[in-house]
Amino acid sequence: MQTKGMMEVVVLTVLLEAQALSATCFSGLLFMAIATTIFTAPTLRLTCHLTSLPCPSKATANDPSSKTH
């Protein structure tokens with residue numbers, strides 16, 4: 001799991017234990033955290049393919065065109 005999704009799960013768990021979230025709300029937000037984490041990379045690849053933009057996952061560290069300043 002990517003770090004963003006992992007942080008969401010940690011924060012949601014803390015909020016659930018502090019009783020700041022109901023179990024239903026926790027389940028819905030947890031599902032969204034997992035779903036967005038799973039679908040981020042495939043969606044980015046598809047978008048890059050459809051728009052003919054360079055995909056960040058294919059950029060190399062030695063490629064000067066992939067560096068942002």
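When the stretch 25-44 is limited to residues that are within 30 Å of Cys55 (Cα to Cα) and of a type in the set (Gly, Ala, Ser), the one that is least open to solvent (accessible area, probe 1.4 Å) turns out to be Ala33. Only a single criterion out of (1) aliphatic (A, V, I, L, M); (2) in contact (Cβ under 8 Å) with a residue 12 or more places away in the chain; (3) part of a loop (DSSP other than H, G, I, E, B) is not satisfied by Ala41, namely (3). Is there a residue being in a helix (DSSP H, G or I), of a type outside the set (Phe, Trp, Tyr) and either modelled with pLDDT of 80 or more or in contact with a Gly (Cβ under 7 Å, 6 or more places away or on another chain) (or both) anywhere in the stretch 55-67? Among the residues of the stretch 55-67, not one is in a helix (DSSP H, G or I), of a type outside the set (Phe, Trp, Tyr) and either modelled with pLDDT of 80 or more or in contact with a Gly (Cβ under 7 Å, 6 or more places away or on another chain) (or both), which makes the answer no. Counting the residues of the stretch 7-24 that are of a type in the set (A, V, I, L, M, F, W, C) and open to solvent by 100 Å² or more (accessible area, probe 1.4 Å) gives 1.
The values are calculated or read from the model by the stated rules, or taken from the named source; none is laboratory data. As the structure is a computational prediction, the values presented were derived from the model and not from experiment. Positions of Cβ are backbone-derived with ideal geometry, glycine not excepted, and every protein chain shown enters the neighbour counts. The area values use the complete protein model at the heavy-atom level, side chains included, leaving out ligands, DNA and RNA. Shrake-Rupley method; radii C 1.70, N 1.55, O 1.52, S 1.80 Å.
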